[in-house]
1. Condition first: within 14 Å of another protein chain (Cβ to nearest Cβ), over 22 Å from the mean Cα position of the chain (by Cα) and crowded, with 17+ Cβ neighbours inside 10 Å. Now tell me which residues in segment B:55-89 satisfy that.
2. If you go through segment A:124-165 one residue at a time, how many are of a type outside the set (A, V, I, L, M, F, W, C) and crowded, with 16+ Cβ neighbours inside 10 Å?
3. Mind checking whether some residue in segment B:129-137 is within 12 Å of chain A (Cβ to nearest Cβ), farther than 29 Å from B:Ile61 by Cβ and not aromatic (Phe, Trp, Tyr)?
4. Do you know which residues across segment B:90-99 are open to solvent by 20 Å² or more (accessible area, probe 1.4 Å) and at the interface with chain A (Cβ under 7 Å from one of its Cβ atoms)?
5. Quick one: B:Ser233 ticks every box in (1) over 28 Å from B:Thr192 (Cβ atoms); (2) in contact with a Ser or Thr (Cβ under 9 Å, 6 or more places away or on another chain); (3) surrounded by 20 or more Cβ atoms within 10 Å (Cβ to Cβ) except a single one, so which number is it?
6. Regarding B:Asp244, is this residue modelled with pLDDT of 90 or more and surrounded by fewer than 19 Cβ atoms within 10 Å (Cβ to Cβ)?
7. Taking only segment B:206-225 into account, find how many residues are crowded, with 21+ Cβ neighbours inside 10 Å and more than 20 Å from B:Ala19 (Cβ to Cβ).
8. Just checking, does segment B:26-33 include any residue being in a loop (DSSP other than H, G, I, E, B) and acidic (Asp, Glu)?
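The values are calculated or read from the model by the stated rules, or taken from the named source; none is laboratory data. Source: prediction; values computed, not measured. Backbone-built Cβ (ideal geometry, glycine too); neighbour counts: all protein chains shown. When the accessible area is computed, the model is the full protein with side chains, heavy atoms only, and any ligands, DNA or RNA have been set aside. Shrake-Rupley method; radii C 1.70, N 1.55, O 1.52, S 1.80 Å.
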Amino acid sequence: MKDLVNRYGLLLTTVFAVLTGFWVLVLVVLPNIYLFEHSFRPYLPVAELRGPKDVYSLDNYLTFFRSPIHISVFVWTVVYSALVTVICFLIAYPLAYYLSKVSARALLPTIFLLLFIPLWVSEVLRSFAWFIILALKGPLNASLLGLGIIEDPVRWISGFRGVIIGLVYTYVLFMLFPLYNAIQSLDTNQIEAAEDLGAPWWRTHWRVILPHAKPGIASGSVMVFMLSAGSILVPTLLASTNSRWFTEIIQQWMFESQDWNTGSAYAFLLLILCTVFVSVVMRVFRVKLSDIAK
Amino acid sequence: MSAGVDLDNVCADFGTFRAVDHVAVNIRPGEFFSFLGPSGCGKTTILRMISGFIPPSRGVIRIGGRDMKGQRPNQRPTALIFQNLALFPLMPVWENIAFGLEVRGVDRHKRRARAEELLQLVDLPDAADKAIAQLSGGQKQRVAIARALAVEPQVMLLDEPLSALDLKLRQHMRAELRAIQKRTGVTFIYITHDQGEALAMSDRVGVMSQGKLQQVADPREIYNNPANGFVASFVGENNIFTGDIQGAEGDLARFATASGTFTARLGPAVTQGMKARLFLRPEHVRLAPAAASANSIPVEVTDVAFEGNFISIHARDAGGQVLLAEARNDGATAVPAPGERLHFTFDGQNAVILTGDTAARDADE
């Protein structure tokens, strides 16, 4: 704080502090506390608010555990978010390795710019673009038919397929950058040493590069997984008749049933259960929280 | 098992820059060979070409008589010890050493046993399960050597592996490396900018400058009979005089300089009329109270530095040239005081007239 005052003067420092405080407190902390408090109260007509029925209970949370359909939607959301994470890793790892160890330094700014440009377009537009690309009579099927790779058009948006494609496209860069940073920090001599000792390329990756990149893989995976599980836009736009995402249930509670109390409880359940899932996976892969924070 | 390495007019070009320029040398099986030169002279490039990381742009590299063209580093019978060692920090010591065996499909028990054996060889028992971060600089060095020896290379390539160690440890590791090389009989090719290291360890030394091999000879020959001005000035200290050759008689010649006319040995292929310099090692300078009949320079002592085993005497002659002499700290030699006037004399057989550029003095750092 003293450094800030010395550098920017008292006025600017106060402005920074007040703005940051406003953002954290009013826009993040207070709404969450409000929802958290509501999640323990029953959904009542306005007349009965603060009345004798308005008591704290775990009923809203138990609603979830009493509903097999909601539990199954949650499980599928976790399974497919994990699948999206794995696909993102499979796409991002070779690219991150190429960018950090193989490609010419001079090319990097251009490649990064090309990777970033899609991010400048709104997520809604990008999802709609995929909706068009993946449509039954869309350009993807047309090209594949034209090239003779498929004989009949593929119904891309069926089951969770459209959602997975959309989520991978939207979040793959969140995997790429942590991986790029991790692999870039590996001393190239270690890769050469492994090769010099006789290792074929895949063993060098398995024994030297992947273990070194583990913190990057972990932080990229946590980000992609949490963002996917919490995504509402892509699962709504690229949904098929039988692809239900857990966030859609939260949305239904809040906007269709107008029951914000149960909706809040579901939102916190998503957060808590996903955190538990991530912690368990981190345990299994022996990743420490401090690795991710790096 | 060890193999010789033949470099047959090898060149390496980076764009228009020729880093290695027609280097030709035959390194014998079981030899400890050093490439010595200032940074940027191309010695590391030579090492990377032998290990297979860079292809030579011209010439042929043969290991054990076999042309290495097109062979990847993991297909060559060489093992490289990197300047920063490049140990794998996430593996314990024994897995580091056994990595080459793991790659070759040796089973875990045998790998472990071999790693322990090699740890004995490099005098580091009980370190098998330690993490790399727990080791000291010298211990890491030994692990790197053991890791390279584990793949039973025919040629071991070392890229200034001692440069990160402090002086005492460096001197100890020199002897150690030499002993390991003798014990295993593997051909060692050693890269260094440290002349002390090269002279103390090697069977033969190749001195390099600007991509060219200047001289290949055993350490004594390099020091006592340098082939040209670069070798003379890069290896060891010198008093250097510029001047003209005035006339030769046998292997000696008269050499006229601003400090006087001296008699000295003619270097290889040096003849009258060539641009040449006279090189005189400080330890060959005698201090005399009176002028000698020949090869005598009147000087004024400017500085006396006590170095322990010897005393270094800086002096200036009438023309202002700074000269250097060394006196042994044996108690028998009189040590002059700054300001004293005396004569530097030397034997013509101990001074040599050579051509060629001299090494920039900051280059050996």
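1. So the first thing to find is which residues in segment B:55-89 are within 14 Å of another protein chain (Cβ to nearest Cβ), and the list is B:63, B:68, B:71-89.
The next check asks that each one be over 22 Å from the mean Cα position of the chain (by Cα); those that pass are B:63, B:68, B:71-77, B:86-89.
Residues satisfying the conditions are B:Ile63, B:Met68, B:Pro73, B:Asn74, B:Arg76, B:Pro77, B:Ala86, B:Leu87, B:Phe88.
2. Of all residues in segment A:124-165, those of a type outside the set (A, V, I, L, M, F, W, C) come to A:126-127, A:137-139, A:141, A:143, A:146, A:148, A:151-153, A:155, A:158-159, A:161-162.
Add one more test, that the residue is crowded, with 16+ Cβ neighbours inside 10 Å, and what stays is A:126-127, A:138, A:141, A:161-162.
Qualifying residue count for the region: 6.
3. To start, the set of residues in segment B:129-137 that are within 12 Å of chain A (Cβ to nearest Cβ) comprises B:132.
Of the ones still in play, those that are also farther than 29 Å from B:Ile61 by Cβ are B:132.
Checking the rest, the ones that are also not aromatic (Phe, Trp, Tyr) come to B:132.
Yes, segment B:129-137 contains at least one residue that is within 12 Å of chain A (Cβ to nearest Cβ), farther than 29 Å from B:Ile61 by Cβ and not aromatic (Phe, Trp, Tyr).
4. Within segment B:90-99, the first condition is being open to solvent by 20 Å² or more (accessible area, probe 1.4 Å), and the residues that meet it are B:90, B:92, B:95.
Within segment B:90-99, just B:Leu90 meets the criteria.
5. Going through the list (1) over 28 Å from B:Thr192 (Cβ atoms); (2) in contact with a Ser or Thr (Cβ under 9 Å, 6 or more places away or on another chain); (3) surrounded by 20 or more Cβ atoms within 10 Å (Cβ to Cβ), B:Ser233 breaks only (1).
6. No, not satisfied.
7. Selection size over segment B:206-225: 1.
8. Taking segment B:26-33 and keeping what is in a loop (DSSP other than H, G, I, E, B), we get B:28-31.
Adding the requirement that they be acidic (Asp, Glu) leaves B:31.
Yes, that holds for at least one residue.
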